[in-house]
Amino acid sequence: MSVCSPSAMADASHQAEAFVVAIVWLGREVAVACGDGHLRFLSSVTPAGRVPPGARVHAGAILSAAAHPDGRSVLTGGDDGRLVRTWPSGESEEIATFGRNWVEQIEASTVSGVVACAVGKDAVVLDTEATGVSHAFSQPSTVSGVALDAKGRRLAVSHYGGATLFWASAPEAASKRLAWAGSHLSVGFSPSGRFLVTAMQENAVHGWRLADGIGMHMQGYPAKPRSFAWTHKGQWLVTAGAERVVCWPFAGKDGPMNKAPAEIGPGSPLVTRVACQPGGDAMAAGYEDGSALLLRLADDDAAVLQAAAGEPVSALAWSPRGDQPLRTPRALPLASPRTS
């Protein structure tokens with residue numbers, strides 16, 4: 001699995017020894033979370049070629065990763081049931097352990113300092129110092145995704161049959177259930193907090209307008225659209241899964257209801273990952289053949305970030321400044337979507 005970067009890392013390509021699960025930026029450094037349990041750190045002085053050995057932070061595979069709210073370390077969850085914090089020095093500490101339950105999703109807010117993770121049927125929230133568990137929101141089925149709004153205060157949890165909203169730091173407060181039949185795999189708020197969307201097992205994206213709970217179903221994908229992202233002002237929801245990048249309009253109060261999506265990119269192969277430029281109008285797309293493109297919705301312009309590398313792009317992340325996307329070849333499969 002290769003990890004590539006275009007500018008500040010001198011167009012370097014680094015070969016990881018295991019499947020790349022996630023890429024996390026810490027300022028100008030990059031943490032690469034791998035399926036062999038290692039967390040490997042790259043910097044602008046890392047020579048092109050092999051990724052440094054890194055730290056073995058999990059006994060099995062790393063399943064999820066996110067930057068700690070302080071921006072100086074990385075939180076990882078694994079199939080060993082552990083939540084671990086690791087610094088670029090390689091030093092690490094165990095924050096929590098959950099027995100046989102996997103830590104499959106992690107979400108952290110730099111605004112509120114809240115950290116939440118998906119562990120079995122629980123959405124677990126850490127204490128204010130992120131040094132241990134504060135409380136958990138239990139669900140009747142497995143928690144498949146967690147997301148925090150822009151203020152880091154409202155927590156969305158996806159699960160079979162829809163999603164549920166909580167106030168992350170107020171376990172006694174009332175929750176709000178958003179129902180839609182089917183298996184919801186991941187979840188995310190729009191930047192404005194007006195909409196919530198989930199990616200579904202049933203080859204669709206579903207959304208709700210939070211003011212009144214009105215639902216909007218975006219379907220027609222040939223495979224699961226696991227990867228989605230919002231443009232920086234929230235006017236478009238950008239999704240993977242099709243042979244072109246599918247962009248749903250969310251500028252108005254009704255979102256994509258009764259509107260057709262825009263589709264950009266070359267039309268083949270399947271898009272596996274998408275990421276939108278922070279503060280800009282560009283987006284990066286990774287494909288099933290390992291290629292990656294820089295795209296612009298306004299004029300459907302495209303530039304090659306990476307030629308086909310043989311393995312699907314599995315992770316894609318922009319630097320916080322929005323000046324360089326980092327990508328690594330794995331896939332997922334989507335045709336011409338429609339709303340209903």
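Name the strands (runs of 3 or more DSSP E) wholly inside region 113-170 in which the number of residues that are closer than 17 Å to W208 by Cβ, at pLDDT 95 or above and of a type in the set (K, R) is 1 or more.
154-167
Can you name the residue in region 149-178 that is of a type in the set (A, V, I, L, M, F, W, C) and farther than 14 Å from T198 by Cα and, of all such residues, is surrounded by the fewest Cβ atoms within 10 Å (Cβ to Cβ)?
Of everything passing the filter in region 149-178, A174 is surrounded by the fewest Cβ atoms within 10 Å (Cβ to Cβ).
Output the residues belonging to region 289-308 that are acidic (D, E) and modelled with pLDDT under 90.
D299, D300, D301
In the list T110, T142, which residue meets the criterion of being of a type in the set (S, T, N, Q) and closer than 25 Å to P69 by Cα?
The conditions single out T110.
Kindly indicate whether any position in region 54-64 is buried (at least 18 other Cβ atoms within 10 Å of the Cβ), aliphatic (A, V, I, L, M) and within 27 Å of W208 (Cα to Cα).
No, because not a single residue in region 54-64 is buried (at least 18 other Cβ atoms within 10 Å of the Cβ), aliphatic (A, V, I, L, M) and within 27 Å of W208 (Cα to Cα).
Which residues, counting only those in region 294-317, are touching a strand residue (DSSP E or B) at 6+ places or on another chain (Cβ under 7 Å) and under 18 Å from R226 (Cα atoms)?
P312, V313, S314, A315, L316, A317
The values are calculated or read from the model by the stated rules, or taken from the named source; none is laboratory data. As the structure is a computational prediction, the values presented were derived from the model and not from experiment. Cβ sites come from the backbone with ideal geometry, for glycine too, and all protein chains shown count toward neighbours.
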